[in-house]
Structures are given as structure tokens and as C-alpha cells.
1. Count the lysine pairs in segment 121-259 whose Cα atoms sit under 21 Å apart, keeping only pairs 8 or more residues apart in sequence or on different chains.
2. Rounded to a whole number of µm²/s, how large is the Stokes-Einstein D of the chain at 25 °C and 0.890 mPa s, given Rh as the Kirkwood radius over C-alpha pairs?
3. Among the listed pairs K21/K61; K64/K100; K12/K383, give every one whose C-alpha distance is greater than 24 Å.
4. Let me know the charge dipole size of the chain about its Cα centre in debye, to the nearest 20, where only the beta-carbon of Lys, Arg (+1) and Asp, Glu (-1) is charged.
5. Counting DSSP beta bridges with both partners in the chain, what percentage is antiparallel, nearest 5?
6. Which one, I30, I332, T227, projects farthest toward the positive side of the charge dipole computed for the chain from Cβ point charges (K/R +1, D/E -1)?
7. Can you give me the Kirkwood hydrodynamic radius for segment 2-222, using every pair of distinct Cα atoms, in Å to one decimal?
8. How large is the charge dipole for segment 305-390, taken about the Cα centre, if only the Cβ atoms of Lys, Arg (+1) and Asp, Glu (-1) carry charge, to the nearest 20 debye?
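Computed from the coordinates by the stated procedures, all read-outs in this text should not be read as laboratory data. From a predicted model like this one, the values you see are computed outputs, not experimental measurements. Cβ coordinates were reconstructed from backbone atoms using ideal geometry, including for glycine residues, and neighbour counts include every protein chain displayed.
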Amino acid sequence: MVLINDVYAKDKQELFTNRVKELAMIESVIESFVEKGVRRHLAFLGLRRIGKSLILFEYIKRNKKEVIIVYVDLKKTSMEPQFFALEYIKKILQWTLNEKEEELLVLVNKLKNEDIFDQLNKFLRDVKERNNFNLINFAFSFPELLSKHLDKKIVVCIDEFQEILGANKYGGIDNIVDIFRSALQSQSNTLYFITGSIITTMEKICLEDKSALFLHLDKVISLYNFTKEDSFQLINKIFKREGVKAPNENILLEIFKVSRGHVFYLTIVCEKIIELTKLFDFGIDDNLIKRAFLIELTNKNARLYNYFNYIFENSLEKARGKTSLKSILLKIANRERASNVELCFDLNKRAGEIQTLLKRLMETDLIIKEGRYYLYRDGLLRKWVRTFFLGIDIDNKTPSKNTEELFSQLEEKYLRV
Ligand SMILES: Nc1ncnc2c1ncn2[C@@H]1O[C@H](COP(=O)(O)OP(=O)(O)O)[C@@H](O)[C@H]1O
Ligand SMILES: [Mg+2]
């Protein structure tokens, strides 16, 4: 259990809520893999911070089956082929041996297997020669090699799989997904669970028939926000952890509404509410919740503000024509959803030009298309754009004047803290 506690902090473990269906699905897939050798590879797709990694962690923590589970986070790995290959093999060995050891040769020595030792030495020579294709190919074939030697099945969890595409820009690698697919197809002792946050890219990788992975993934599971009941459970746990009395049903509902049941947003809003009640000794009511949410959305030091700022800028950074894309995003934030015709009218541009820009925006994953309308994939990000760029208040029902004054004093105090 050493390694799992490293990636899955104790306080997160205590708060873990729900995901019953997903965990049961993993359990049944692993069961038929271990007992009957049936491989059903899974993909989990969903917005950033919706709880994909935690599902994997929670399963790894609970697992009692005779199977090795490896966890690799591509967000934390360089995709330059030599680094990636080394890191991938290292992670497989670390999770197999349940050791934090960083030295590849020390790790492989512990296996006491001459054949694997020789093959790894050959691999390290390839690293010097920088034969990118061979390096990646060997890395992807490594779990199967190890599994045969240990006579134990292996599950490889690859988190943030879309990052893998970063390898395609290096010499010798035309299409890394294709190399991965060949490895997967030739194996029988290795099962894969992959996750992805950039949903548009992942859907292309997983679902489109011209993609190499199509047909090889047995189930693509979309993760959504928590329901009201699950949100209530999580909110209660967070309050309990902080030693604050559980809120009443109205308050629970209000927190659910502002966060829309997105686990990460919900956690942050709860923590801010608790911080405010502790700092100023306030009772919790609707206004406090609205204010906590507003602070999170607009305060330059707040976590939610910084998170949205990062997502917005980072998504646009990668796309061409940032300024034009931004104008469209602001218009869509303003209208809630907009058709091509409306955007032509708003921005005084031709339909073809708007179409090209919208296509690029969908590739950033910020925008999706429903019927003839374009809208934000994440409704709260839209709210952030509205408050940040357009100065539109998050709620048109303004609190009564007294509480407004109280809160402005509170905010002044808060900003001085
Ligand atoms: N099932 C859950 N129960 C409680 N909190 C959760 C759950 N899933 C996610 N969270 C909270 O949301 C945060 C983001 O989850 P994470 O799994 O890292 O998202 P993703 O991998 O989808 O980006 C976690 O750090 C945790 O605070
Ligand atoms: Mg994650």
C-alpha cells in the first residue's frame, strides 16, 4: 500500500463518496480478466477534476484480487520518447514491486530475472542511440513481458491518455496511438484502463472509426457531476471533517446548486464556506453561500478563480487565432448558447470564417455543439467568463441591502487576512 498512499492522500481517501457503478464495473472487468482471461479495456472520460483519477485510486486501494495494478499519469510525464519510455517502464516496475525506488537498474535487479535484465540493458543501449520507435515499442511491450515472467496478470491504468499524442512530434513516431494499439492487440496478460479530460480529443481517439483504438476499447464510460443525494453526502463529510455542524437541507441544496454537483467545485465552495464561518463566526445561510461562491469565482487569490483562469488561457494558448477565438467565447458566454448566424451578426464576420473558428474552439474542448447551437461544455466556466470579462453578476437576485453591507465589510476584512 505504500505507493497508493503516495498518489492518493489520506484526507481524499476519507472523503471519497459514491462512484458505486464505476467501481462495480471495474471489479467485474477485473474479475473476468483474472479468472477467465477475458480482456475488456475501459476508458473513462469526463471534465477535468470530475473524479476520474480518484476512481482508479479507490479501486487500487480496495483491490484484493491476485493482479498487479500499475498507475501512470501522463500529465506528469514528458512525452519525449526516451523519457516517456524510461518513465513508463519504471512505473510498471515500481507498482509491481511496490517500491518507491527511482533507479531502473536497482528495480530490475530485484526481479532476479536474467532475461528481463538483458532486455532492459538492450533497451538502455537504444536509449543512447535514440531509436524512438524501438524505445516506445519496448515500453508498451514491457508489462506483458513482466507478466509472463511473474505469471501474474497486469492492469495498466494510463491517466490523461490524450497527452500521449505529444510524442507524435518526435522523429520516428508517426502515430503513437497506433504503436500502443499494436502492443495491446498482441498481448493477452495485460489489461488497460485509460482516462481522458480533453473530451473532444479522447472521443476522437476512442470512438472514431478511423482511429486506431476504435474497436479495441470495450467500454467508454462518461463521468458526470454528482447527483443531489451524492453531493449531500459529500458536503456532510466535508463539514464533519472540519468539525462544523452539518448544514440543513436548504443549505445543502444551495451548495449543490452553485457547484452543480461537480465534485471539485463543490469541495472548494464548501471549504470556503467553512473558512468564512470560522473566521467571522457567521451562521450559514443562502447569502453566505452565494458570497463564498462569488469570492471563489472573482477573488484573484481564490482557487476556483485561478483554476478557471488557467483552463481558459491554457486551452486558448494551444489554438491558433487566440484573439478571434476569445471574442467568440465571450459572445457565447453572453448569450449562453449561440448559433453560427448569431455569431456572424454579433462579430460582423462571414459564416465560413466563424465556422473555422468554431471548429478550432471545439478542439480546445471549451465549447460543444448541440443542434445548431454552440455552448460551453462547463457551465461554471461560462459563469467565470461572464464575471471576469463581461462584469456580469453571477446572480441577478441581489441580496438585501443590509446583508450586502455586511458582506462588503466581510470582504474587506477577508482581503486583509
Ligand atoms: N468520488 C469522490 N468523492 C469525493 N471527492 C472527490 C471524488 N472524486 C473527486 N473528488 C474531489 O475532486 C478532486 C478532483 O478529482 P480527480 O479524480 O483528481 O479528477 P480528474 O482525475 O477527473 O481530473 C479530488 O482531488 C477530490 O477533492
Ligand atoms: Mg486526474
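1. Going through segment 121-259 pair by pair, I get 15.
2. Estimated diffusion coefficient is 103 µm²/s.
3. Pairs exceeding the cut-off: K12/K383.
4. Dipole about the Cα centre, nearest 20: 640 debye.
5. Percentage antiparallel, nearest 5: 25.
6. Result: I332.
7. One over the average 1/r among Cα pairs gives 17.8 Å for segment 2-222.
8. Dipole of segment 305-390, to the nearest 20 debye: 140 debye.
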